[in-house]
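Since every read-out is calculated from the coordinates, none of them should be taken as a lab result. Note that the structure is a prediction, hence the values are computed from the model and not measured. Cβ: placed from backbone, ideal geometry, glycine included. Neighbour counts: every protein chain shown.
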Amino acid sequence: MSLIMPGAEPFYFPGGRTGCLLIHGFTGTPKEMRFLGEHLAGAGCTVLGVRLFAHATRQEDMLRARWRDWVASAEDGLHLLREACDRVIVMGLSMGGILALLLAAEHAVSGVVALSTPYDSPDPRLRLRPLAAFLTLFWRFARKGPPDWHDPTVAADHLEYPLAPVRGGVELYDILAELRRRLPSVTCPALVIHSRGDLTVRGSSAEAIVAHMGSGDKKLVWVENSGHVVTRDAERERVFAEVLSFVRGLEPSTA
Amino acid sequence: MTSIAPGGEPFLFPGGRTGCLLLHGFTASPQEVRELGRHLASHGATALGPRLFGHATQPGDLLRARWADWLASAFDGYHMLRGVCDRVFVLGVSLGGVLAFHLAARLDVAGVVGMATPFGPPKDPRLLLLRLAAPLVRFVPKGPPDWRDPAAAKTRVAYRVYPVPALAEVESAILAMRSHLVNVSCPVLLMHATEDTFVPPANMQAIYDALPAGDKAMLSIPHSNHVLPLDASRSQVFEAAADFIGRVSR
């Protein structure tokens, strides 16, 4: 018996001296990164997929979570990979992309991949932030936006909390402000991937992230036929290939 | 913005198919078990020391912690090791020992090393007073360290205060452990300092008695206080842990 949702456990796949840290999104679980992780491990990378605090347990736990807890969870993964790897590429989906970028702004990483990552508030309800202290007294969970999956078979076995914790929305608002403040300090090579079919985070976010990051070596890749969870939706193989090709480009050439 | 205290980071030392999950104690950090992890890795094990939630960041983070959060942090480490190892041993100090028994009662664990593990709440009379004052007092400074190796005490990465509301969570974890001990079917090595002034050695006997009959052993460690893997007799603790893991793995 585990406290963690079966199938949503964090994972570690040992491999070579190139490490990939995979960070899932808000209310998501490590499962949404696991298949990308398996792909990268299959290509020889050492892969670690963290579980962010209060995720993949009980959604009530999210009411106690603060965004700095999630930064610390992501940093944990970076430290766990240090001994096994000479270089680490951090990558995340949605809020996991925010965390990856914050890590890249603060720590020595070789590259960063932001998938479906927001730059500003993806949900108009986040504008209620100034009222949060009052609202969270009686409003604990909110409905999520409509699902935008293009591959319904994957949607059926996706794991996440069914509701969005209101307190968590506050933290999302605040971590977005931190992201906008820190993006110019991201100077490592960067890959941004976004789907034009993403109904949760609009594509303008991807353009804004690329525009505001300090990196000289940065690339924006669009996919067409996927929803928000590009790591699992219909074009996942293309996403995996783009990420792997980016990782390969950061490894010292053996020639 | 880096949020984890320098030196208090979690660690993963890659090695062979025997995994060692090392769990630190309340208000401490992975630093408490890092050298033990190094030692076990030098014997060929893969060693992983997770950071329990709310530790090695800000003491205020522990005000939001529930003991199930700490158990979930331990589960995280277990799951990461599970993918690489044929067998996973769980070692813990104090609260970490409590969590180790929780894991062993629920998951496939090859063996447990419980160091300075409490069976009842620590016998510090101030703690009882604090429990009563919890609604008013959020933090209380720790007393001066009483270590046999004062130099090691200085290198410690730990909070200097007890977040008072979290003490009740520690107690809940201990009480819940008691009812689970009977489900621990793997080999167990208990270690306790004869001079432990924080969790008296009688706690070791109580845990031993509550465990089912089987492969279980007690080892009393002289010349050490509570923090066994850092204090003066740490080498003896390291060797005993490595011997136990070697013997059970054969």
Worksheet item: DSSP beta bridges in region B:11-249, what fraction antiparallel, as a percent rounded to 5?
Response: 20 percent
Fill in: Convex hull volume per residue for chain A, taking Cα atoms only, in Å³
118 Å³
Worksheet entry | Neighbourhood net charge (15 Å Cβ-Cβ; Lys/Arg +1, Asp/Glu -1) for B:Ala217 | -2
Practice prompt. Can you check what the Kirkwood hydrodynamic radius comes to for region B:65-158, Cα pairs only, in Å to one decimal?
Written response: 15.8 Å
Practice prompt. Stick to the Cα atoms of region A:139-255, pair each with every other, and give me the Kirkwood hydrodynamic radius in Å at one decimal.
Written response: 16.2 Å
Worksheet item: Using a simple charge model, +1 on the beta-carbon of Lys and Arg, -1 on the beta-carbon of Asp and Glu, nothing else, what dipole does region A:11-247 show about its Cα centre, in debye to the nearest 20?
Response: 560 debye
Response to the item:
Sorted by chain and number, the residues with a modelled amide H under 5 Å from that of B:His226, at a separation of 5 or more or across chains, are B:Thr197, B:Phe198
Worksheet item: If you take the charge dipole of region B:111-250 about its Cα centre, with +1 on Lys and Arg Cβ and -1 on Asp and Glu Cβ, which of B:Ala240, B:Ala202, B:Leu167 is farthest toward its positive end?
Response: B:Leu167
Item to complete: Under 30 Å Cα to Cα from A:Lys218, which lysines show up? Leave out anything in the same chain fewer than 8 places away.
Response: A:Lys31
Discussion item. I'd like to know which of B:Ala116, B:Ala100, A:Leu244 lies farthest towards the positive end of the charge dipole of the protein assembly as shown, counting +1 on Cβ of Lys and Arg and -1 on Cβ of Asp and Glu.
Written reply: B:Ala116
Fill in: Selected from A:Pro118, A:Pro152, A:Pro30 as most flexible by GNM, with chain A as the system and alpha-carbon contacts under 10 Å
A:Pro152
Practice prompt. Would you mind ranking A:Glu32, A:Glu237 by Cβ crowding within 10 Å, fewest neighbours first?
Written response: A:Glu237, A:Glu32
Fill in: Choice from A:Ala156, A:Ala211, A:Ala104 showing the highest fluctuation, given a GNM over chain A with Cα pairs closer than 10 Å
A:Ala156
Worksheet, complete the sentence: Cα-based Rg and Dmax for region B:1-63, in Å, come out at 12.4, 38
Worksheet entry | Rg in Å to one decimal, and Dmax rounded to a whole Å, for region B:11-249 via C-alpha atoms | 16.4, 50
Item to complete: For every helix of n ≥ 4 consecutive DSSP H residues, a contribution of -39,500 (n - 2.57) applies; sum these over chain B, divide by its total residues, and give [θ] at 222 nm rounded to the nearest 500 deg cm²/dmol.
Response: -12000 deg cm²/dmol
Discussion item. Just to verify a number: FRET efficiency for B:Met218 and A:Arg140, C-beta to C-beta distance, R0 = 45 Å, to 0.05?
Written reply: 0.45
Fill in: Volume per residue of the C-alpha convex hull in region B:1-142, rounded to whole Å³
120 Å³
Worksheet item: Taking 1 over the mean of 1/r across every pair of different Cα atoms in region A:82-124, what Kirkwood radius in Å do you get?
Response: 10.9 Å
Item to complete: Return one number: the angle in degrees, 0 to 90 and rounded to the nearest 10, between the long axis of the Cα atoms of helix A:166-182 and the longest principal axis of the Cα atoms of chain A.
Response: 40 degrees
Discussion item. If I fit a long axis through the Cα atoms of helix B:234-249 and take the longest principal axis of the Cα atoms of chain B, what angle between them do I get, 0 to 90°, rounded to 10?
Written reply: 40 degrees
Practice prompt. Treat each spin label as a single point 7 Å out from the Cα along the C-beta direction, and report the A:Glu60 to B:Ser172 distance in nm.
Written response: 0.9 nm
Practice prompt. Mind sorting B:Arg106, B:Arg34, B:Arg250, B:Arg51 by how few other Cβ atoms lie within 10 Å of their own Cβ, fewest first?
Written response: B:Arg250, B:Arg106, B:Arg34, B:Arg51
Discussion item. Can you list residues from other chains, or at least 5 along the same chain, whose modelled amide H is less than 5 Å from the amide H of A:Lys144?
Written reply: A:Ala164
Worksheet item: How many nm is it between the label spots at B:Val137 and B:Thr194, if each spot is 7 Å from the Cα in line with the beta carbon?
Response: 3.4 nm
Worksheet entry | Footprinting exposure proxy for A:Trp70, B:Trp147 (fewest neighbouring C-beta atoms within 10 Å first) | B:Trp147, A:Trp70
Worksheet entry | Rel. contact order, % - alpha carbon contacts under 8 angstrom, at least six apart, region B:2-105 | 34 percent
Discussion item. Suppose we take every Cα in the protein assembly as shown and form the convex hull; what volume per residue is that in Å³?
Written reply: 146 Å³
Worksheet item: Expressed in nm², what is the orientationally averaged projection area of the convex hull enclosing the Cα positions of region A:1-134?
Response: 8.8 nm²
Worksheet, complete the sentence: Note: B:Ser249 to B:Arg38 extended length (0.36 nm per residue) minus current alpha-carbon separation gives 74.1 nm
Worksheet item: Cα to Cα, under 28 Å, and not fewer than 8 places away if on the same chain: which lysines meet these conditions relative to B:Lys154?
Response: B:Lys123, B:Lys142
